[in-house]
Amino acid sequence: MVPAGALDNPVEPRRGELVNMVRQDCGSCHGLTMKGGLGPALLPSNISAKDPEQLRFVILHGRRGTAMPPWSRFLTDAEAAWVVELLRTGLPRD
């Protein structure tokens, strides 16, 4: 479950930075359009059935034995939850 307040404004000061991070850093493995690459696709249709808490955990702690790195040095729990919701609803087109 997404922590309470994660979708409010705790990330607002970094919103643009976080969207750019998802596009550039996540996109370098998951594809710039999130349709997959080295990592799996991160489109809403691909992740909507996945547990948001598990997705947040993977973002923060990575996945052993894969190229997925931990992002906990760069993201707070609330920011990771916000990224999960962003991916579940789709990246803005700009």
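Observations, loosely collected:
- Segment 28-63, residues that are crowded, with 17+ Cβ neighbours inside 10 Å and closer than 11 Å to Leu91 by Cα: Met34, Leu42, Leu43
- Taken as a whole, segment 34-44 holds no residue that is among the small types (Gly, Ala, Ser) and out of contact with any helix residue (DSSP H, G or I) (no Cβ under 8 Å at 6 or more places or on another chain).
- Of all residues in segment 20-46, those being among the hydrophobic types (A, V, I, L, M, F, W, C), touching a residue at least 12 places away in the same chain (Cβ under 8 Å) and farther than 14 Å from Ala80 by Cβ number 4.
- Among the residues of segment 47-94, those identified as aromatic (Phe, Trp, Tyr) and either on the phi > 0 side of the Ramachandran plot or touching a residue at least 12 places away in the same chain (Cβ under 8 Å) (or both) are Trp71, Phe74, Trp82.
Where a number appears in this text, it was derived from the coordinates with a stated rule and is not lab data. Just so it is clear, the model here is predicted, and its values are computed rather than measured. Please note: Cβ atoms are built from the backbone with ideal geometry, for glycine as well, and neighbour counts cover all protein chains shown.
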